[in-house]
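Okay, so here's the structure we're looking at.
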Amino acid sequence: MMKKQTIFLVALITVLIVSCATKKNSDSDKLYSTNWELEYITGPRIAFKGLYPDRIPKITFDKTTNRVTGNNSCNSYSANYILKEDSIFFGEPGPTTLMFCGQGETVFMNMINKINKYSFDQEGRLILMYNDITMMRFKKTDN
């Protein structure tokens, strides 16, 4: 009787571990095959539309190269990233175009360097966090 309970318990724990690991992998898969458009950024006293009056920052994740590309409202950028479970770290951005378009791009680039976690909300939006504090939120976009 005790042996059957032990086997059942081990099997149950194994199923739970595998299902949790599968969830994490499927969560990270949501990053890919879409473009993400910024809809919220914490910190600045300037209204969102004031920071990004002409062009809203976007980010795209490439699973094969472990690079992100996008625009920071003004200039294009690319950087390496590292994923580990729900942690994410962005490297220093590579070559960018060199236009100056106001404060929004500086706010965006400073914020992305602080990010160390990610998740998705119930609507499927990408949440980038510093520890457990939401710093940036992105929605899926077609372009």
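The values are calculated or read from the model by the stated rules, or taken from the named source; none is laboratory data. Remember, it's a predicted structure, so these values are computed and weren't measured experimentally. Reconstructed Cβ throughout: ideal geometry from the backbone, glycine too, with neighbour counts over all protein chains shown. Quick note on the areas: whole protein, heavy atoms, side chains included, nothing else; ligands and nucleic acids left out. Shrake-Rupley method; radii C 1.70, N 1.55, O 1.52, S 1.80 Å.
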Considering segment 38-73 alone, what residues qualify as being under 18 Å from M135 (Cβ atoms), open to solvent by 30 Å² or more (accessible area, probe 1.4 Å) and in a strand (DSSP E or B)?
E39, Y40, K58
Take the conditions part of a loop (DSSP other than H, G, I, E, B) and touching a strand residue (DSSP E or B) at 6+ places or on another chain (Cβ under 7 Å) and apply them to E92. Does it pass?
yes
Given (1) out of contact with any Pro (no Cβ under 7 Å at 6 or more places or on another chain); (2) in a strand (DSSP E or B); (3) over 25 Å from K49 (Cα atoms), identify the lone condition not met by A79.
(1)
Would you mind telling me which numbered condition in (1) in contact (Cβ under 8 Å) with a residue 12 or more places away in the chain; (2) farther than 21 Å from D62 by Cβ N110 fails?
(1)
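Closer than 13 Å to L31 by Cα, out of contact with any Ser or Thr (no Cβ under 9 Å at 6 or more places or on another chain) and not basic (K, R): which single residue out of G43, G50, G124, G91 fits that description? First the steps, then the outcome.
Values: G43 fails: closer than 13 Å to L31 by Cα; G50 fails: closer than 13 Å to L31 by Cα; G91 fails: closer than 13 Å to L31 by Cα.
Being closer than 13 Å to L31 by Cα, out of contact with any Ser or Thr (no Cβ under 9 Å at 6 or more places or on another chain) and not basic (K, R) holds for just one of G43, G50, G124, G91, which is G124.
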Pair list, Cβ under 7 Å, 6 or more apart: segment 84-100 residue at negative phi and hydroxyl-bearing (S, T, Y), other residue at pLDDT 95 or above and not in a loop (DSSP other than H, G, I, E, B)
S87/K117
Can you find, within segment 82-141, the residue that is surrounded by the fewest Cβ atoms within 10 Å (Cβ to Cβ) among those that are among the hydroxyl-bearing types (S, T, Y), farther than 16 Å from L38 by Cα and at pLDDT below 95?
T97
Do we find a residue being part of a loop (DSSP other than H, G, I, E, B) and at pLDDT 85 or above anywhere in segment 10-29?
no
Can you tell me which of K30, K49 is farther than 17 Å from K117 by Cβ and not aromatic (F, W, Y)?
K49
